Amino acid sequence: AQTVTQSQPEMSVQEAETVTLSCTYDTSESDYYLFWYKQPPSRQMILVIRQEAYKQQNATENRFSVNFQKAAKSFSLKISDSQLGDAAMYFCAYRRRYSGNTPLVFGKGTRLSVIA
Amino acid sequence: DVKVTQSSRYLVKRTGEKVFLECVQDMDHENMFWYRQDPGLGLRLIYFSYDVKMKEKGDIPEGYSVSREKKERFSLILESASTNQTSMYLCASSTENYGYTFGSGTRLTVV
């Protein structure tokens, strides 16, 4: 079974600085998707970034980028120029491609605090 | 703007009550999911559905059931609520090869 591990339960960053959240996963599949979700205190979980495993290029969305290391099964999220609104729980997730209706597998989350 | 709507943000119920949590999506998604979220445990899958009237057990289905009579609606039922079911409940929907769209969650307290 696939597993997703986020080894940092909590992290903090100074406003305007850069922070990297770690995620590793375990799978025997070669084709899959990886996601980072953000859950602010308001609770609505929103998609931050999505990576397709067959793509070499790391995904980026504005200040958010990933470092996808397929051989190492690592998928870290980098937040640049951190803002107070980035404070949230962040969840890493995995889904096998062409899996039909297979649910996402989530990590346990990392709580990010942003210090003004 | 596409949406997953959960009918209540906060609910307080008594032990032994039958509780219905409703979730509606307007994206014509095939798949719908119910999770509960607890501190330190992350998101745990209760049930999911990939079609009308179809359901699959997740990791923690005990004490819960679900209903999906229409494509857009997926209901979670607590047959006899207990205090250990006090939690945040999240509904989500998706198409086959993408991520989820989540609802805003229901904070259920069983007293």
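The values are calculated or read from the model by the stated rules, or taken from the named source; none is laboratory data. What you are looking at is a predicted structure, and each value in this text was computed from that prediction instead of being measured. Quick reminder, even Gly has a Cβ in these numbers, built from the backbone with ideal geometry, and neighbours come from all protein chains shown. Surface accessibility is based on the protein's heavy atoms, side chains included, excluding ligands, DNA and RNA. Shrake-Rupley method; radii C 1.70, N 1.55, O 1.52, S 1.80 Å.
Values computed for the structure shown
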{"read-out": "Counted residues, the range A:5-48 - those being open to solvent by 20 Å² or more (accessible area, probe 1.4 Å), touching a residue at least 60 places away in the same chain (Cβ under 8 Å) and among the aliphatic types (A, V, I, L, M)", "value": "2"}
{"read-out": "Residue tally, condition under 15 Å from A:ALA71 (Cα atoms) and hydroxyl-bearing (Ser, Thr, Tyr), over the range A:12-41", "value": "7"}
{"read-out": "Residue that is surrounded by the most Cβ atoms within 10 Å (Cβ to Cβ) [pool: residues in the range B:74-89 that are among the aliphatic types (A, V, I, L, M) and without any contact (Cβ under 8 Å) to a residue 60 or more places away in the chain]", "value": "B:LEU76"}
{"read-out": "Cβ-Cβ under 8 Å pairs, at least 6 apart or on other chains, the range A:73-95 side in contact (Cβ under 8 Å) with a residue 24 or more places away in the chain, far side outside any loop (DSSP other than H, G, I, E, B) and small (Gly, Ala, Ser)", "value": "A:LEU77/A:SER65; A:LYS78/A:SER65; A:SER80/A:SER65; A:ALA87/A:SER113; A:PHE91/B:GLY42"}
{"read-out": "Output for the range A:74-96, where each listed residue is more than 12 Å from the chain's Cα centre (by Cα) and either closer than 15 Å to A:SER42 by Cβ or modelled with pLDDT under 95 (or both)", "value": "A:LEU84, A:GLY85, A:ASP86, A:ALA87, A:ALA88, A:ARG95, A:ARG96"}
{"read-out": "Every residue from the range B:52-73 that is closer than 20 Å to A:VAL105 by Cα and in contact (Cβ under 8 Å) with a residue 12 or more places away in the chain", "value": "B:LYS55, B:GLY58, B:ASP59, B:ILE60, B:PRO61"}
{"read-out": "Strands (runs of 3 or more DSSP E) wholly inside the range A:29-116 containing at least 3 residues that are away from chain B (no Cβ under 14 Å)", "value": "A:64-69, A:74-79, A:110-115"}
{"read-out": "Selection from the range B:8-31 of residues that are surrounded by 13 or more Cβ atoms within 10 Å (Cβ to Cβ) and among the β-branched types (Val, Ile, Thr)", "value": "B:VAL19, B:VAL24"}
{"read-out": "Test: residue in the range A:59-67 that is within 20 Å of B:TRP34 (Cβ to Cβ), modelled with pLDDT under 95 and either surrounded by 15 or more Cβ atoms within 10 Å (Cβ to Cβ) or touching a helix residue (DSSP H, G or I) at 6+ places or on another chain (Cβ under 9 Å) (or both)", "value": "no"}
{"read-out": "Pairs with Cβ under 7 Å, 6+ apart, first in the range B:90-111 and more than 10 Å from chain A (Cβ to nearest Cβ), second outside any loop (DSSP other than H, G, I, E, B) and among the small types (Gly, Ala, Ser)", "value": "B:LEU108/B:SER87"}
